[in-house]
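Data block below; observations after.
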Amino acid sequence: MRLVILDDYDLASEWAAKYIRNRIVQFKPSADRFFTLGLPTGSTPYGCYQKLIEYYRHGDISFKYVKTFNMDEYVGLPRAHPESYHSYMWNNFFKHIDIDPANAHILDGNAQNLEEECQAYEQKIAEAGGIELFVGGIGPDGHIAFNEPGSSLVSRTRVKTLAKDTIVANARFFGNDLSKVPTMALTVGVGTVMDAKEVMILITGAHKAFALYKAIEEGVNHMWTVSAFQQHPRTIFVCDEDATLELRVKTVKYFKGLMHVHNKLVDPVLSIKDQ
């Protein structure tokens, strides 16, 4: 497990974007060999998406042969609703890059049969050859995607009832009216993300500090689902200084001492112009 600590949100976002860029460029995707990327929504990955858009506009990266699978979507929220994750992804990322809409997969929270939708999603991931890199964010209670506290650590894509804390946290997107916040969602499972060849989790802000502490300094625990990734062979946690506030000083010192190694993953930053 790697813990990459940057000074602030902007630098953490840039490091993550450079890492994604390097992984895609190194992979050399083509018409018969797509790079498969798992993606989150929310405020944390926004800065990373903005940097990736910038790299695309500069001609350094292409998403033409990239397939994406998003982590989750609300149940019952119209696809065109400004707070749906379809809207988030298209407005903040997809419409600014050269991805083929047919290759951008997002769960359909309005499907006739939600169970079948979840099973079909797992099937699509398998048919794509599995996920090369799954990028995720976490909630203050340590949930990844909508795998709320108590979720099985081997869970698959399924329908989930949202925890009260999650509903309250999301109320800010719905005019602070709790009655308008969806109470259910479709989400990939912890096991779904664990199956990815590599996982990168973005954690920024002091309000996520206790979750980061639970994720890396304590044991694997289904009440903090992000802790499962201690057992993944290739996990990178990318965080800012504020997110490390609950970690032991020696833990922070240890990982900061490895930054010269971690920075080799993004320096030099690669470009398709050089291929």
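The values are calculated or read from the model by the stated rules, or taken from the named source; none is laboratory data. Quick caveat: nothing in here was measured; it's all calculated off a predicted structure. Here the Cβ is made from the backbone with ideal geometry for all residues, glycine too, and neighbour counts use every protein chain on show. Note: areas computed on protein heavy atoms with side chains; ligands, DNA, RNA excluded. Shrake-Rupley method; radii C 1.70, N 1.55, O 1.52, S 1.80 Å.
Here are the numbers for the structure shown:
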| item | result |
| --- | --- |
| Every residue from the stretch 84-98 that is of a type outside the set (S, T, N, Q), crowded, with 18+ Cβ neighbours inside 10 Å and outside any helix (DSSP H, G or I) | PHE93, ILE97 |
| Looking only at the stretch 160-188, and only at residues there that are touching a strand residue (DSSP E or B) at 6+ places or on another chain (Cβ under 6 Å) and touching a residue at least 24 places away in the same chain (Cβ under 8 Å), the one that is nearest to ILE203 (Cα to Cα) | THR187 |
| Complete set of residues in the stretch 265-275 that are within 23 Å of SER13 (Cβ to Cβ) and part of a loop (DSSP other than H, G, I, E, B) | VAL266, ASP267, PRO268, VAL269, LEU270, SER271 |
| Neighbours by Cβ (under 6 Å, 6+ apart or cross-chain): first from the stretch 30-56, in a loop (DSSP other than H, G, I, E, B); second open to solvent by 10 Å² or more (accessible area, probe 1.4 Å) and among the hydroxyl-bearing types (Ser, Thr, Tyr) | PHE34/TYR65; THR41/TYR85; THR41/TYR88; THR44/THR204 |
| Among residues of the stretch 134-150, those that are touching an Asp or Glu at 6+ places or on another chain (Cβ under 8 Å) and part of a strand (DSSP E or B), counted | 1 |
| Enumeration of residues in the stretch 107-147 that are modelled with pLDDT of 95 or more and open to solvent by 60 Å² or more (accessible area, probe 1.4 Å) | ASN110, GLN112, ASN113, GLU115, GLU116, GLN119, GLN123, LYS124, ALA126, GLU127 |
| Qualifying residue in the stretch 32-42 (condition: modelled with pLDDT under 95, surrounded by fewer than 19 Cβ atoms within 10 Å (Cβ to Cβ) and not basic (Lys, Arg)) | yes |
| Residues located in the stretch 216-231, provided they are surrounded by 17 or more Cβ atoms within 10 Å (Cβ to Cβ) and closer than 22 Å to ALA16 by Cα | ILE216, THR225, VAL226, SER227, ALA228, PHE229 |
| Test set (1) buried (at least 20 other Cβ atoms within 10 Å of the Cβ); (2) at pLDDT below 95 - ASN170 fails condition number | (1) |
| The lone exception for GLY150 - which of (1) surrounded by fewer than 15 Cβ atoms within 10 Å (Cβ to Cβ); (2) of a type in the set (Gly, Ala, Ser); (3) touching a strand residue (DSSP E or B) at 6+ places or on another chain (Cβ under 9 Å) it fails | (3) |
| Unique match (being charged (D, E, K, R) and touching a Lys or Arg at 6+ places or on another chain (Cβ under 9 Å)) among ARG79, ARG33, ARG21, ARG57 | ARG21 |
| The stretch 195-211: number of residues that are without any contact (Cβ under 8 Å) to a residue 40 or more places away in the chain and either of a type outside the set (Gly, Ala, Ser) or open to solvent by 50 Å² or more (accessible area, probe 1.4 Å) (or both) | 1 |
| The stretch 103-131, residues that are within 20 Å of the chain's Cα centre (by Cα) and either under 10 Å from LYS67 (Cα atoms) or among the aliphatic types (A, V, I, L, M) (or both) | ASN103, ALA104, HIS105, ILE106, LEU107, ILE125, ALA126, ALA128, ILE131 |
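Residue by residue, here is whether (1) touching a Ser or Thr at 6+ places or on another chain (Cβ under 8 Å); (2) closer than 14 Å to MET1 by Cα; (3) not small (Gly, Ala, Ser) holds:
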{"position": "GLY219", "(1), (2), (3)": "yes, yes, no"}
{"position": "TRP224", "(1), (2), (3)": "no, no, yes"}
{"position": "ALA228", "(1), (2), (3)": "no, yes, no"}
{"position": "PHE237", "(1), (2), (3)": "no, yes, yes"}
{"position": "LEU245", "(1), (2), (3)": "no, no, yes"}
{"position": "LYS253", "(1), (2), (3)": "no, no, yes"}
{"position": "LEU258", "(1), (2), (3)": "no, yes, yes"}
{"position": "ASN263", "(1), (2), (3)": "no, no, yes"}
